[in-house]
1. Where in the stretch 135-242 are there helices (runs of 4 or more DSSP H), lying fully within it, with 2 or more residues that are under 16 Å from P120 (Cα atoms)?
2. How many residues does the stretch 96-128 contain that are within 21 Å of V167 (Cβ to Cβ) and either acidic (D, E) or not in a loop (DSSP other than H, G, I, E, B) (or both)?
3. How many residues are surrounded by fewer than 16 Cβ atoms within 10 Å (Cβ to Cβ) and of a type in the set (G, A, S) when one looks only at the stretch 202-228?
4. Please indicate, with yes or no, whether at least one residue in the stretch 210-221 is of a type outside the set (S, T, Y) and either touching a residue at least 60 places away in the same chain (Cβ under 8 Å) or under 25 Å from Q75 (Cβ atoms) (or both).
5. In the stretch 216-232, which residues are under 23 Å from the mean Cα position of the chain (by Cα) and of a type in the set (D, E, K, R)?
6. If I ask for residues that are touching a Lys or Arg at 6+ places or on another chain (Cβ under 6 Å), of a type outside the set (A, V, I, L, M, F, W, C) and under 15 Å from L168 (Cβ atoms), which ones from the stretch 179-222 would you list?
7. So D181 clears everything in (1) on the phi > 0 side of the Ramachandran plot; (2) over 19 Å from the mean Cα position of the chain (by Cα) except one condition, right? Which one?
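Values in this text are rule-based calculations from the coordinates and carry no lab data. Small disclaimer: the values here were computed from a predicted structure and weren't measured. Every residue, glycine among them, receives a Cβ derived from its backbone with ideal geometry; neighbour counts consider all protein chains shown.
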Amino acid sequence: MTQPETTDDVLGGRLSFKQHRKGYRFGLDAVLLATDLPELPDSPTIADFGAGQGAVTCVIAHNRPAAHLISVERQPGLFGLLRQNIDANGFTPRIETLCVDLRDKAALPPHEADLVVMNPPYYAANSGLMSSNTERAEAHYELHGGLSDFVAAAQYVAKPGGLFKLVLPPERLTELMGEIDASDFAMRSLRFFHSHLDEPAYLVECVAKRGGRFELEVRPPLVVYADNGEYGAEVKARLELD
């Protein structure tokens, strides 16, 4: 069988990644998910759900050298790239990789993670114009489980008192809040991401705590682009991967 063509890409001048040229490719949202993490223990266990080719996992591993990571990806093609990229960046000893469906809880480690980060499919299966590329379609659309499955898996993997962080389009926020209310998580913070200051938010970052009280903080917005069209100061700093 002919293998999909790949590209070699560099992130932050420090991390290298192979990606399928015509498949799912990570974007800025992966870096935003992987950086500015909530307060954690000195040597945390962090689980990455829907890890794709490993951008979030590798950024966290680079920034948090004392962390142990559990990286979970369902698609075999992306999982192969995930393993390659973890190895190419020298993180293999610190990262456990699982090619499993999050709905199969028996395949997940129970109550181990101080933090679960996740980049769930942004769109319901019956919405929008779905890509004809299977890898892209399965990454962007809820063809194999939705928000309820991601929240349930996070509840299973997170320790009591553990956190989860995700990003998703603002139009899914009401649905997410309903899933959190039905779980033992409590929302801790929201932060809206805007391409430009005068434009509506295109993503929202949500952080919740397992077993915590409802203490919602709405953080100042993140504006991605400055007036000159370049990335703003915070985004530039987060892309530098110091």
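1. 147-157, 173-181
2. Number of matching residues: 7.
3. Total satisfying the criteria: 2.
4. Checking the stretch 210-221: not a single residue is of a type outside the set (S, T, Y) and either touching a residue at least 60 places away in the same chain (Cβ under 8 Å) or under 25 Å from Q75 (Cβ atoms) (or both).
5. Of everything in the stretch 216-232, those that are under 23 Å from the mean Cα position of the chain (by Cα) and of a type in the set (D, E, K, R) turn out to be E217, R219.
6. Listed by number, the residues that qualify are S189, R191, E205.
7. It fails just one condition, (1).
Rundown of residues vs (1) touching a helix residue (DSSP H, G or I) at 6+ places or on another chain (Cβ under 9 Å); (2) assigned to a strand (DSSP E or B); (3) not aliphatic (A, V, I, L, M), yes/no style:
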| site | (1), (2), (3) |
| --- | --- |
| D9 | no, yes, yes |
| R25 | yes, no, yes |
| P38 | no, no, yes |
| A51 | yes, no, no |
| T57 | yes, no, yes |
